[in-house]
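So the structure is just underneath, and the comments pick up after that.
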Amino acid sequence: LILSCFFILFFYIFVFSFFLLLVFLCSFIFVFSSLYCFYCLLFFFFFFQAEDGIRDAQESRGLGDVYKRQGLHLHLYAEYQARYGDAGLSSNIAVPTMRTHSYSVRKFDDPDEVPEGYPEKLKVGCRVIVADPQDAERVARRHLRKEPNFGMFMDSVISTTDNEHWRQQREHLVEAFLPLSSLAAIMPVSLSRAKRCAERLTELTRETDVVDMSDFLLHEAQAQLQLALLGAPESLMDATNSDLRKTFMLHPDAVSGRLSHAMSELYNLAQTDETLGLPSDDCPVKGPLARALQSGGQKASTDYGNMLIILFAGHDTTGHTMTWLMYELARRPELQRRVHAELDEFYGNLAGRDPIYQDLSKLVFLDRCITETLRLWPAVANGTFRQLQFEEQLTGLDGAQITLPRETLVQVANWSRHRNPQLWGDDAEHFNPDRNFRPEEVSHVGCPHAAMNPQSDRFSPFAHNPRSCLGKNFAGMEMRLILPELLRRFEFSLAPPYDHLVDHVVKTGSVDPDGFRGVNAGGTMGPLNLEALPGDRRGARHMIAMKLRVTPRHRSN
């Protein structure tokens, strides 16, 4: 009995103690949670207060992410070069940067090699803007490894940081862009679409004589890629064109999921269409890029990334270049008349037949206009992002040679170098197709020089060899098909609100967010939409547009 009583007493003491412990733990958790919530509220209050202060500082001094979102950071760097450098726009400078580096740009054969934190890692550091012309060319030619900041394109040919993987892809994909064996073979597809492009513009001008030529030409550049390079049917191009472009430019009307759906359709087509062909297949050439992806033996992520980059960069760069040229011709009627005269002679000599690839070499003045557009308005104003593979010496203040360590991040930017008056003369900020270009700088199509990359120490619109733009030959061909078909039929002039820009000069180092300029956001640079300037300038994203008045020509062959 005593033993039983002892056990009962012990049991009640144990239950009571456990209850007290439970109450204590609950109380502790409650108090800790309350303190934690209070701390979080305090943290977020002070964080957002600090963030407002940072944003105010960015607005007042032109710093940081705000100017990147507004597409102004290269203008800011040019201002820094003039302010802090002693060589003007040839000054190399180091700038602070916060960047997201992605491991998805690397090729991992063994899953165990994938580092912790895959696929992205936020880093704070600095980047060296290389603007000295000799330094820029040397760095671009010797240090081929890319900075790992293009994770959305996975381990594609443009983004992979594995040089050997890049070479393997490049050697296989280059066949799709060979001028005579590939591009000349698909030129009838491109020409047919260029003619349809002129018909589209005719239809649009029946409703209004003012057209957003930026949107129009971006549409046509995307159409050319899908129809000629990928061999896609026109129905698929029509269904995906707008959705792809809106998503790429981060347009407010972009619909979530449309990009992935369009990519799925195009990727499946490239993988399953048995009618595709490359020159080496000993069959008719059709959709050569899609066929190259189909037969390359690369991982799915590599093929997907390559298709994604060609659909984005391949249409954005070409569309923007054509838009900038139209803008310059619209405000310089005397130059537009010279283009008209060359085209009248060109089509007159064809005597009614369609041009072939070699005929495009006769558009000499148009070549110079395109080259000058690539200089003054480089669609890839960022240039190229690299990381040093070994120690490198760059020019610093007073000409001193500064040794940079291996893995230093560098950017060989085009914007300030292409507009540097020390390299181009006092009219460097003006459009002048009669400029004294070096022979190696002029862009050509249809002649023995067509396969050459237009480049020099002061000029690299497609980056320097060997890691230059893979699609430059196709871009050159489609521009010399679309622009002649439009300019032979129409005259172009500036329409409101762009009509006041006839004598406007965009200053290379101007950081006025609302002044007309190129918007360098998303990796390419298009003209600022003057009709949709954001009300809140702090961090607001600026959009692109170019309104031109389109008038049928009285004389057309």
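The values are calculated or read from the model by the stated rules, or taken from the named source; none is laboratory data. Predicted model only: the values in this text are computed from it and were never measured. Backbone-built Cβ (ideal geometry, glycine too); neighbour counts: all protein chains shown. Just so you know, the surface numbers come from the protein's heavy atoms only, side chains and all, with ligands and any DNA or RNA stripped out. Shrake-Rupley method; radii C 1.70, N 1.55, O 1.52, S 1.80 Å.
Of the numbered criteria (1) closer than 30 Å to Ala545 by Cβ; (2) open to solvent by less than 40 Å² (accessible area, probe 1.4 Å); (3) among the small types (Gly, Ala, Ser), the one Ser260 fails is (2). Please work out if Asp354 is surrounded by fewer than 16 Cβ atoms within 10 Å (Cβ to Cβ), without any contact (Cβ under 8 Å) to a residue 24 or more places away in the chain and of a type outside the set (A, V, I, L, M, F, W, C). No. Counting only residues that are in contact (Cβ under 8 Å) with a residue 60 or more places away in the chain, open to solvent by 30 Å² or more (accessible area, probe 1.4 Å) and closer than 30 Å to Pro284 by Cα, the stretch 185-209 holds 3 of them. Taken together, the residues in the stretch 147-173 that are surrounded by fewer than 21 Cβ atoms within 10 Å (Cβ to Cβ) and outside any loop (DSSP other than H, G, I, E, B) amount to 10. For the stretch 226-251, a residue qualifies if it is free of Cβ contacts under 8 Å to residues at least 24 places away in the same chain and closer than 20 Å to Val519 by Cβ, and the qualifying residues are Ser242, Lys246, Thr247.
Residues in the stretch 432-443 that are surrounded by fewer than 21 Cβ atoms within 10 Å (Cβ to Cβ) and either touching a residue at least 40 places away in the same chain (Cβ under 8 Å) or outside any loop (DSSP other than H, G, I, E, B) (or both): Asn432, Asp434, Arg435, Phe437, Pro439, Glu440, Glu441, Val442. Of the strands (runs of 3 or more DSSP E) that lie entirely inside the stretch 483-544, those containing 1 or more residues that are closer than 15 Å to Gln336 by Cβ span 490-494. The criterion of at least 2 residues that are under 18 Å from Glu137 (Cα atoms) and either aliphatic (A, V, I, L, M) or modelled with pLDDT of 95 or more (or both) is met by the following helices (runs of 4 or more DSSP H) wholly inside the stretch 333-421: 364-376, 415-418. Summed over the stretch 279-294, residues that are open to solvent by 10 Å² or more (accessible area, probe 1.4 Å) and assigned to a loop (DSSP other than H, G, I, E, B) total 4. For the stretch 210-233, a residue qualifies if it is open to solvent by 40 Å² or more (accessible area, probe 1.4 Å) and either modelled with pLDDT under 95 or farther than 22 Å from Pro497 by Cβ (or both), and exactly one does: Pro233. Applying a threshold of 8 Å to beta carbon distances and a minimum spacing of six or more residues, or different chains, the list of pairs starting in the stretch 396-415 at a residue that is at negative phi and ending at one that is part of a loop (DSSP other than H, G, I, E, B) and among the hydroxyl-bearing types (Ser, Thr, Tyr) reads Val412/Ser460; Asn414/Ser460; Trp415/Thr508.
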